[in-house]
Amino acid sequence: MPGIKQETPAGGTVRVRFAPSPTGPLHIGGARSALFNWLFARRYGGVFLVRIEDTDLERSSKVSEHSILDDLLWLGIDWDEGIRVGGACGPYRQTERLELYRKHAGELLARRYAYYCYCSEEDLAAERESLLARGEMPRYLGRCRSLDSAGRARLEGEGRRPVVRFKVPSDRIVNINDLVRGEVSFECSGIGDFIIMKSDGIPTYNFAVVVDDHTMSISHVIRAEEHLSNTPRQVLLYEALGWLAPDFAHISLILGRDRSKMSKRHGATAIGQYREKGYLPEALVNFLALLGWSPEGEEEIFSLEQLKEMFSLDRVAKSPAVFDLDKLNWLNGHYIRRLPVERLTELAIPFLERAGYIKPPVSPERYNWLKLAVSSVQEYLSCVEEVVAHVGIYFTDEVTLEGEEAGIVMAQDQVPAVLTTLRDKLSGACELTARLARELLKEVGKETGAGGKKVFMPVRIALTGRTHGPELNQVMAILGREKVAARLTAALERDNKDL
RNA sequence: GGCCCCAUGGUCAAGCGGUCUAAGACACCGCCCUUUCACGGCGGUAACCCGGGUUCGAAUCCCGGUGGGGUCACCA
């Protein structure tokens, strides 16, 4: 592809990373970045590492860190090096690497690539406003650049704690050869001296990433497009430190229905929320992979194993993608349908417990029965959570008619005869199997002279209150003789009352 | 507002100058399967943002416009 560099640098080992800041749960976008990095590493026999960027002391938490890591693992994304697992480039949490940043900041200071700045927030705000008013890019104009030691001493005397700013050359143009976007260039005149060390001695993002990516020998930085405009700053830092920058690949953003960056107001954005609703990791992974990347053929159903054989950056799209819940639901339903019943039942149990349908110790008999119930609604589910709504017909004590159509059907002339006949036949039967149910239904049809729909519909409605649902003979078998008889009786009584 | 990115059906997307009267998937509609619905099968509706170039030839290349998005923190 013209203008786009070789994906894998000749001779270089692929080393990529996912570097979340533990300020919240793992989001859809973050998960996709992690996935793309993981796939890229696996595809090219490289190393995938996870590093925690917790320099925002206010918002970072261990809770978030653990939840992000757990969600990654749940998705099937593991790492060869990094937090929890260790490695030669550790520690992998930025707050444990402060010495390193201070050392390199000191170096930049000594070589006059950086300087101390004592400007107050008020000064800065005023400057930003006037710049904005003039229609210019708000940036730091460099007031403290030429501060001498006397000036510094005076300001220190006032109790001011300085930040360290990087001196941005005003006359440069930084060119980035992005692996997905091609050539992108930025004029430094619009950047302004940015902060690399905060006044509390903690590095800022732009500085910490550079130091870490370099010291961890990262070869490719694959991240969301929102970081594209940070890249020139980082490139400048690499140059000043005398380091070779990695290759960059900025993947497009994931948008909400209204085409703006996905956020909480677009509904569920955290992986954990999908996990809780009963989405399967294989469906999420498959879906995420297709968001921005496309395979060569026409097939779209892929496992992680398959994806890692076929992933490549040159099939990553440049345009942003709208998160399509319909498609996720379809994919998830697809994966649910091919799940072994045992597995689906296991997944369904917590939901059924929460719904109050079953109680914790599930006996073997009860479990087998559950399997039947779950299996009868398997094809209806687009996520496991929905099992509750579908399986409700097996648990209610009182059947209530749902919808207008149900009432109309039950008002038909043949209904009493059909229900009575079926109930009578039941009393003779011992165990009501699906097979037997089918027989009985057939006989009822014959004896009442009502065929097909005329017998199936009333029975279905008498048993479930609904006009739609799993195969009737299955429903009967799952309910069992007693309940079927009881519900038939109840329906007949209800009918009498109406008359 | 400055800077940067993006632009094929409602959505995800293939397409890398001729094979495009433009693939596939989701959604939608219809038919079939089924004595229900769903699943499944088959079929259908539906797109190259606009204007200029370049070229024998442009969805594909260039420029401009328009639209959308991102970013401008002692957040990452």
Cα to Cα, under 19 Å, and not fewer than 8 places away if on the same chain: which lysines meet these conditions relative to A:Lys318?
A:Lys5, A:Lys261
Keeping the other protein chains in place, figure out the carbon and sulfur percent of the accessible area of chain A, with a 1.4 Å probe.
50
Computed over chain A, protein heavy atoms only, probe 1.4 angstrom, the accessible area per residue in square angstrom equals 48
Taking only the alpha carbons of the range A:37-132, what extent do you get along each of the three principal axes, in Å, biggest first?
49, 30, 26
Cysteines (scope chain A) whose Cβ has no counterpart Cys Cβ under 4.7 Å:
A:Cys89, A:Cys119, A:Cys188, A:Cys383, A:Cys430
Förster-model FRET efficiency, 35 Å R0, A:Glu431 and A:Glu405, C-beta, rounded to 0.05
0.60
How far apart, in nanometres, would the label points at A:Ala88 and A:Arg161 be if each is projected 7 angstrom from Cα along the Cα-to-Cβ direction?
3.7
Give me log10 I(q)/I(0) at q = 0.11, 0.16, 0.21, 0.23 Å⁻¹ for the range A:398-499, Debye formula, one equal scatterer per alpha-carbon, no solvent.
-0.27, -0.59, -1.07, -1.31
Where both partners of a DSSP beta bridge lie in chain A, what percent of those bridges are antiparallel, to the nearest 5?
55
Kirkwood-based shape ratio for the range A:103-197, expressed as Rg/Rh from alpha carbons
1.04
How many nm separate the modelled label positions at A:Glu299 and A:Lys277, each set 7 Å beyond the Cα in the direction of the Cβ?
2.8
Computed FRET efficiency, Cβ-Cβ of A:Asn368 and A:Arg102, R0 56 Å: what is it to the nearest 0.05?
0.30
Computed over chain A: relative contact order in percent, which uses C-alpha pairs under 8 Å that are six or more apart:
12
Give me the one-decimal Kirkwood hydrodynamic radius in Å for the range A:156-222, with the sum taken over alpha-carbon pairs.
14.3
Just list whichever of A:Lys371/A:Lys454; A:Lys327/A:Lys371; A:Lys454/A:Lys483; A:Lys103/A:Lys198; A:Lys371/A:Lys446; A:Lys425/A:Lys454 have alpha carbons separated by over 25 Å in the model shown.
A:Lys371/A:Lys454; A:Lys327/A:Lys371; A:Lys371/A:Lys446
Once the Cβ-Cβ distance between A:Trp330 and A:Asp171 is put in as r, and R0 is 56 Å, what FRET efficiency do you end up with, to the nearest 0.05?
0.55
The simple spin-label model distance between A:Arg134 and A:Trp74, using points 7 Å out along Cα→Cβ, in nm, is 5.1
Amide H to amide H under 5 Å from A:Phe248: which residues, 5+ apart in sequence or cross-chain, H placed 1.01 Å off N in plane?
A:Leu179, A:Val221
Using the alpha carbons of chain A, what is the convex hull volume per residue in cubic angstrom, as a whole number?
213
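The values are calculated or read from the model by the stated rules, or taken from the named source; none is laboratory data. Keep in mind it's a predicted model, so treat the numbers as computed, not measured. Don't worry about glycine lacking a Cβ; one is built from the backbone with ideal geometry, like all the others, and counts go over all protein chains shown. Calculation scope for accessible area: heavy atoms of the full protein, side chains included, ligands and nucleic acids excluded. Shrake-Rupley method; radii C 1.70, N 1.55, O 1.52, S 1.80 Å.
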